[in-house]
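The values are calculated or read from the model by the stated rules, or taken from the named source; none is laboratory data. Treat the numbers as computed from the prediction; the structure is a model and nothing was measured. All Cβ positions, glycine included, derive from the backbone under ideal geometry; neighbour counts span all protein chains shown. In case anyone asks, the SASA skips ligands and DNA or RNA and just uses the protein heavy atoms, side chains included. Shrake-Rupley method; radii C 1.70, N 1.55, O 1.52, S 1.80 Å.
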Amino acid sequence: MSTYWDAHPDFARNPVAPLRQEFERLAAQRGWNVRGKQFAREWGTCGRMEFAHHFGCDDNRLAGWQAMCAFVGVASIPTSIKKCKAEMRTIFVNIHDLIDAKRTGQPVKKHSSAEALRKYTIKRNKIFPKHEAKQNRFLKVLLIEIFAY
């Protein structure tokens, strides 16, 4: 599966560095304004593509769901996609941290509740674009409400 970085062959990336760090280096090289629309659009695409690269996007395969459960530390791996999804809904991880854990080899940072994850996500500005997450059912199951409207 291709990565976001394949579209930028002249960028010398560090495949084990945190995603945001590498993306910001690319953005600086390309002259993308951190507060601009292109930066935001590219950052969302980068996250979705890197997630798909590391975790896959064939969300109709039980093996993919089981691998996701194992990666986030589910003790007893479920035997159906439905049970995997239910289990994943009880695990509170930031999507960017999940990608970084895969990239860096560090353990996944888990939070005790949706509220704890919400506070962490906002404080560290690690909000994964909802429209990007909804394009992948693995990501969609990890979404929590960040802002109440």
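Before moving on, here are some points about what is shown:
- Of Lys37/Lys85; Lys83/Lys119; Lys119/Lys140; Lys37/Lys82; Lys82/Lys123; Lys109/Lys140, pairs whose Cα-Cα distance is over 25 Å: Lys37/Lys85; Lys83/Lys119; Lys37/Lys82; Lys82/Lys123
- Taking amide H atoms as placed 1.01 Å from N in the peptide plane, the amide H of Phe92 lies under 5 Å from those of His111, each 5 or more residues away in sequence or on another chain.
- Cα-based convex hull volume of the chain per residue, rounded to whole Å³: 116
- Put simply, the range 67-127 fits an ellipsoid with semi-axes of 21, 14, 8 Å; these come from the alpha carbon gyration tensor as the roots of five times its eigenvalues, largest first.
- Per residue, the average separation of C-alpha pairs within less than 8 Å and at least 6 apart gives the chain a relative contact order of 24 percent.
- According to the Cα-based calculation, Rg over Rh for the range 1-53 is 0.92, with Rh computed by the Kirkwood formula.
- In degrees, nearest ten, helix 62-71 long axis to first principal axis of the chain (Cα): 80
- Measuring r between the beta carbons of Val34 and Thr3 and using R0 = 25 Å, the FRET efficiency lands at 0.70.
- For Val108, no residue has an amide H sitting under 5 Å from its own, ignoring neighbours fewer than 5 places away on the same chain, with H placed 1.01 Å from N.
- Our analysis of the range 95-149 gives Rg over Rh at 0.95, with the two radii drawn from alpha carbon positions and Rh computed by the Kirkwood formula.
- The chain: angle of helix 95-104 to the longest principal axis, Cα-based, in degrees nearest 10: 80
- Expressed as a whole percent, the accessible surface of the chain that belongs to carbon and sulfur atoms is 52, based on a 1.4 Å probe.
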